[in-house]
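What follows is a short report on a single structure.
The values are calculated or read from the model by the stated rules, or taken from the named source; none is laboratory data. Values in this document were obtained by computation on a predicted structure and should not be read as measured data. As a convention, Cβ positions derive from the backbone with ideal geometry for all residues, glycine included, and neighbour counts pool all protein chains shown. Note: areas computed on protein heavy atoms with side chains; ligands, DNA, RNA excluded. Shrake-Rupley method; radii C 1.70, N 1.55, O 1.52, S 1.80 Å.
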Amino acid sequence: MMENNENKAKKQRIIIAALILGMMFCIGITIWAVFFRKPETKSLVPDYAPQQTEQNAEPLEDNSRSLDVPEGGGGISLEYENTVNIKLSDKTAYFSYKHPSSSTQDIVLCIEVNGEIIARSGTIKPGNQLKTLPLLEGEADKLSEGTYTDANFRVLSYDPQSGEKAMVDTVAKITVTVEK
């Protein structure tokens, strides 16, 4: 009988030890998640175009005919070079992007590296081009010299009358080279 009580007591100690270890593991994971895990930083896309027109936009010498689109629809036409050069010294991206007058939508151009937006324009009207954009606040500190192939131009389209976001974004693959 005494041996049976000792077995029960031993099993209880094992169960209690396992529960304590499990709780310590859960507490450790919670502490790591709250204090040490790097949070994901995603840039949000606004539902309406920025009120500010892009200051760096330049008029295109372009006499293209407007795209034929159904009522309530829209279309964008774009021309770009697939390389972007970033100079950390002046925190500026240099590239070639044209938004021909044949487009029926206003756009906002974003430069993404590794899924994070590092530069974003103001509203660009059809018939304009863009050659430079300043990097967003703090983004220059996140970049190192070198070439990034996981990069995109993300073109956000907006209705020119209401400023409301269009349903579809355009993504174009680019290569970003960062230098001092």
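At a probe size of 1.4 Å, how large is the accessible area of I118, to the nearest 10 Å²?
Result for I118: roughly 10 Å² accessible.
Which ³J(HN,Hα) values, rounded to whole Hz and listed in residue order, are derived for the range 93-99 from phi using the Karplus coefficients 6.51, -1.76 and 1.60 in 6.51 cos²θ - 1.76 cosθ + 1.60 with θ = phi - 60°, glycine and proline given as x?
Result, rounded to whole Hz: 9, 10, 6, 10, 9, 10, 10.
For G122, list long-range residues whose amide hydrogen, built 1.01 Å from N in the peptide plane, is under 5 Å from its own amide hydrogen.
E54, Q55
If the chain between T147 and L88 were fully stretched, how many nm would it gain, using 0.36 nm times the residue separation less the Cα-Cα distance? Working shown, then result.
Values: separation 59, 0.36 × 59 = 21.24 nm, distance 1.32 nm.
Full-extension gain reported as 19.9 nm.
How much length would be gained if the chain were fully extended between R37 and E81, taking 0.36 nm per residue of separation minus their Cα-Cα distance, in nm to one decimal? Walk me through the numbers on the way to the answer.
Details: separation 44, 0.36 × 44 = 15.84 nm, distance 3.72 nm.
Using 0.36 nm per residue and subtracting the Cα-Cα distance, I get 12.1 nm.
How much accessible area does F25 have with a 1.4 Å probe, in Å² rounded to the nearest 10?
Roughly 140 Å² of F25 is accessible to a 1.4 Å probe.
Using only C-alpha positions, report the orientation-averaged shadow area of the convex hull of the range 88-163, nm², one decimal. Before the final figure, lay out each step's value.
On the way: hull surface 21.8 nm².
Result: 5.5 nm².
Taking R0 as 22 Å, what FRET efficiency do you get between M167 and K125 from their Cβ-Cβ distance, rounded to the nearest 0.05? It would help to have the intermediate numbers written out before the result.
On the way: r = 20 Å, r/R0 = 0.92.
Efficiency for this residue pair is about 0.65.
Give the accessible area for V171 in Å² (nearest 10); use a 1.4 Å probe, count only protein heavy atoms, and leave out ligands, DNA and RNA.
Here the accessible area works out near 80 Å².
Which far-off residues, 5 or more places away or on another chain, put their amide H under 5 Å from the one on S77, with H placed in the peptide plane?
Those qualifying (amide H under 5 Å, at least 5 residues apart or on another chain) are S103, T104.
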